[in-house]
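Engineer: Below is the structure I would like to discuss, written out as C-alpha cells.
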Amino acid sequence: MCVRTVLDYIKKKSTMKIKLLHKSLWGFMAFSCLYATASETNMTPTYLNHKIVNEAPVAVEATNVMNTTFGAQWTAVAGATAYRLDVSATPFGQSPNETYLFENLPVGNVTYYTVTGLAPATPYYYRVRAVDDEGVSANSNIVGVITTDFTIWNGSEWSDRVPTAGINAIINGLYDNGSQGSFTAKNLTVNNGGSVVVRTGTNMTVVNSVINNSTPNAFIVENNANLLQLAAVNTNSGEIIVKRNAAMRRLDYVYWSSPVVGQNLGLFSPETLSNRFFVIDEAANNFAAVNPALNDFTPAKGFMIRAPNNFPDMPQTFYGSFEGSPNNGTVTIPLTFNGQGYNLIGNPYPSTINASAFLRQNPEINTLYFWTHTAQGSERGANYATVNATGGTSSSMTNPVSETPNGTIQVGQGFVAKVSAPVTAVFANTIRIANNQNQFFRTETAEQNRVWLNLLDENNMYSQALIGYVSDATDGEDSQFDGTVIDASGTQLYTTIGNETPYAIQGKALPFHQTDMVAVGLMTDQVGSYTIALDHFDGIFAEGQDIFLKDNETNVVTNMKTDSYTFISAIGNFPSRFSIQYMNSTLGTTITEEVSNDVIVFAKDSAIEILSAVQPIVKLAVFDLSGRLLYSDNDVNSKTLALKILSPSQSLLLFQITDANGTTVTKKLLF
C-alpha cells in the first residue's frame, strides 16, 4: 500500500521533478510504511486518504450471553475482508491497567464471534476493527457485557454448563442426582414444577442459600444422603424434607436431633405415646417429659423419643422424616453444669459432622456419649458408646456386639455431651462432611497408639475400655482425652488415673514407654466367670509391641495378643484388680497360678453354686466342721455346679474341689 500511494502522488508531478523527488520520496515512503505498521499494531492507524479510514464497524449488543461465553457482534463494512477483536476485563483507555483477554484477535470475515474462557458474573468489554488488503479501520464503539451466574435445569438438560461454586442452579424440572449426578452450586433454587432428590449415598453442596419456592416434597434428602452448605449465615428459605431411618422395636428409645427448623415433635413420631418424649434435666441428672403437641425440635438440642407404640418386639425400621427449613451456618446451644454436666444435644445439620472437628472446636466439652438403643432392660450406662479426643469405645451389653464409633455424627443424631463448667457448644459449617456410612464415629489425632479391651462372658459383651497414647494427652486427667463411664453401675471394665474414678477412655502421654502400666478396674453385679479379651489395636501395637494383662489377685500375666483371660469374680467394685503392662513382669519364668482363686463358691437363691474359671470340676466333696461328709460327686465334669440338696442352716461348710488337672482346693462357705 505504501509504494502505490507514493507512486500515485508522483504521477501528479511533472517529469522534470521526478528525479529530484525520487530520492526523497523513497525515504518518505519508508517512513510511511513503518508508521502504518506501528499504527495497525496499536489499533490507531493513520493512512493517506484510504476508503477504510472513515468506515469503522459498529459493535452492537452481545447475544447468547452465558456463564463463561458470549457472542460479540457488529455491522459489516463494505470491502472488509476480515475483522479484528479486542476483549478486555477493564474499560479500554485505562492503560497501563487494561486487562486484555484478547488483543487484535483475527476472527475472520464474520460479524459474529463467540468469546470463550470467561468467568461467570463478570463484566467484559469489546470493540472491533475492519481489515482489507490495504489496512485496518479505526476502532468501533465499545460494548459492555456481563456474563451470567446461573444455569437452568428444565428436566432433561441445563441451559448452560453444569453448576459450579460460582454458578446459581435454578431447577424448573425433576432433578434426581442418582441419575443426573451431584453438583455444587452457588445458590440452589427450586421453582414450582421443579424438584430435587438427593439419593442415599450421595451429596449435594450449596455455597450460599437453598431456596425452595415449591412444596416441601419438592426437595428431598434421603436417608444417608447429605446436603452440605458453606456459608456461615443461614439464608435458606422454604421447606424441605430430610429422611433418617433407625432400627427400633417397641419400648426402644432413640436420641434425635432435627436438621431443619419447624419440625413438631408429635408429628415426627405420631404413634409414640405422648408421655414418651423427653429431654435431659441436667441439674437433676434425669430425663424430663415434654409435651410433643406443643413443642418443636430446637436446633442442636437432643430429644429422647420412644418407638411407636404399635411397633413389634422385634427390630424394624422407623422411617423418620423431618420437614422444615434446613439449618445452616453457625448454630449454638448453651450447656449447663448445675448437676453432673450431662447435656443432651445433637447434630443440627442435614449432613454428617466430623466428631474430632467438633471436639476441637469445643475444647470445654469433655466426652460424647451415644445411646445405641440395642439391649433393652440393661443398666442405665450399658448402651452408651463413648467418644473423646483419644478415640471411641463401643457400647456394653449388646448382642450382637455394637460397632466402635467411626468418626462421624450422623444426620438426626442426638448425643450426650459432658462438661465440667457452663459453656456454649458451637456447631459450624466447617465441621460438616460428606459421609454416608450410617454409623456413629471414631476420632482422629496426629498420632494414635491405642488398645481396646472387652469384658464379656459366654452370652454377653459387658463393656469396652480404651487406652490410647495420643498427641496432646498427658498422664494426668485431661478433659478431652479421658472419658469417665457415664454410669458407674452394673458390670463394667474400666481404667483409673490415680484414684478410683472409672474411665471408659484414658489418654496417655507420648512418647510411649514400655515400662508404663495402667490400672484396670472391674465392677460386677453378679458372681460369675468373665473374660477379658483384646478387641483391636493400632499404632505401635500393630507394629509388634506386646500387651500384657496382669491379674493382681492371682499374679497371672497374660499376653493379650495371643490369649484372652478368664477369671471368677464376686459381686463388687475392684478398682485395682488388673493392670495393663507392656513388658512381661515374670521375665520369662513360669507363672504358678493360684488355682484356688479360679474357683468360687457362693450361695444364691437358697442353693450353692460353684464356678471354675479354667479347668472343669471332676470331683466334689462337702463336709461340715466336724469332718462329716454331707455330699460327694465323683463325676461332675463341668465348670459350673448348683447344689440344691443341702438346706440352709447358717453353718460353715468345707468344699473339697478337684479339677481335671488333679489339683484339689478347699473352699469355705457359711450356708
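The values are calculated or read from the model by the stated rules, or taken from the named source; none is laboratory data. Remember, it's a predicted structure, so these values are computed and weren't measured experimentally. All Cβ positions, glycine included, derive from the backbone under ideal geometry; neighbour counts span all protein chains shown.
Engineer: Tally the residues that are of a type outside the set (D, E) and within 20 Å of Q413 (Cβ to Cβ), restricting the search to the stretch 268-284.
Structural biologist: Qualifying residue count for the region: 8.
Engineer: Looking at the stretch 509-532, is at least one residue crowded, with 18+ Cβ neighbours inside 10 Å, farther than 29 Å from Q615 by Cα and charged (D, E, K, R)?
Structural biologist: Looking through the stretch 509-532, none of the residues is crowded, with 18+ Cβ neighbours inside 10 Å, farther than 29 Å from Q615 by Cα and charged (D, E, K, R).
Engineer: In the stretch 388-402, is there at least one residue being among the hydrophobic types (A, V, I, L, M, F, W, C), under 24 Å from L265 (Cα atoms) and modelled with pLDDT of 60 or more?
Structural biologist: Checked against the condition, which is being among the hydrophobic types (A, V, I, L, M, F, W, C), under 24 Å from L265 (Cα atoms) and modelled with pLDDT of 60 or more, the stretch 388-402 yields no hits at all.
Engineer: Right, here's the next one. Just one of (1) surrounded by 21 or more Cβ atoms within 10 Å (Cβ to Cβ); (2) of a type in the set (A, V, I, L, M, F, W, C); (3) in contact with a Ser or Thr (Cβ under 6 Å, 6 or more places away or on another chain) trips up V261, so point out which.
Structural biologist: Failing condition for V261: (1).
Engineer: Hey, among the residues in the stretch 138-191 that are part of a loop (DSSP other than H, G, I, E, B) and in contact with a Leu (Cβ under 6 Å, 6 or more places away or on another chain), which one's surrounded by the most Cβ atoms within 10 Å (Cβ to Cβ)?
Structural biologist: Among those residues, the one meeting the criterion is T147.
Engineer: Just to verify a result, which residue in the stretch 291-304, among those that are surrounded by 17 or more Cβ atoms within 10 Å (Cβ to Cβ) and either aliphatic (A, V, I, L, M) or at pLDDT below 95 (or both), is nearest to T272 (Cα to Cα)?
Structural biologist: M304
Engineer: So, one more: For a quick check of your reading of the model, give me the residue pairs whose first member lies in the stretch 157-178 and is assigned by TED's automatic domain parsing to the domain that holds N217, whose second is hydroxyl-bearing (S, T, Y) and loosely packed, with under 14 Cβ neighbours inside 10 Å, with beta-carbon atoms closer than 9 Å and at least 6 apart or on different chains.
Structural biologist: These pairs meet every condition: G173/S156.
Engineer: Still on this structure, please answer the following. Under 6 Å between Cβ atoms, at least 6 apart or on separate chains: pull out the pairs that start in the stretch 568-589 with a residue that is assigned by TED's automatic domain parsing to the domain that holds V520 and among the charged types (D, E, K, R) and end on any residue that is modelled with pLDDT of 90 or more and assigned to a strand (DSSP E or B).
Structural biologist: As it stands, the answer is R577/L522, since those pairs meet every condition given.
Engineer: Among the residues of the stretch 119-130, count how many are of a type outside the set (D, E, K, R) and either surrounded by 19 or more Cβ atoms within 10 Å (Cβ to Cβ) or not assigned by TED's automatic domain parsing to the domain that holds G71 (or both).
Structural biologist: 6
Engineer: Of the residues that sit in the stretch 278-290 and are assigned to a loop (DSSP other than H, G, I, E, B) and among the aliphatic types (A, V, I, L, M), which one is surrounded by the most Cβ atoms within 10 Å (Cβ to Cβ)?
Structural biologist: Per the stated criteria, the residue is V290.
Engineer: Considering only the stretch 422-441, state which residues are at pLDDT below 95 and in a loop (DSSP other than H, G, I, E, B).
Structural biologist: A434, N435, N436, Q437, N438, Q439, F440, F441
Engineer: Looking at this structure, is F318 aromatic (F, W, Y), part of a loop (DSSP other than H, G, I, E, B) and not assigned by TED's automatic domain parsing to the domain that holds V206?
Structural biologist: no
Engineer: Sticking with this one: Quick check: is even one residue across the stretch 529-545 assigned to a loop (DSSP other than H, G, I, E, B) and among the aliphatic types (A, V, I, L, M)?
Structural biologist: There is no residue in the stretch 529-545 that is assigned to a loop (DSSP other than H, G, I, E, B) and among the aliphatic types (A, V, I, L, M).
Engineer: Going by the structure shown, is H513 under 14 Å from A465 (Cα atoms) and modelled with pLDDT under 90?
Structural biologist: So H513 does not fit the description; no.
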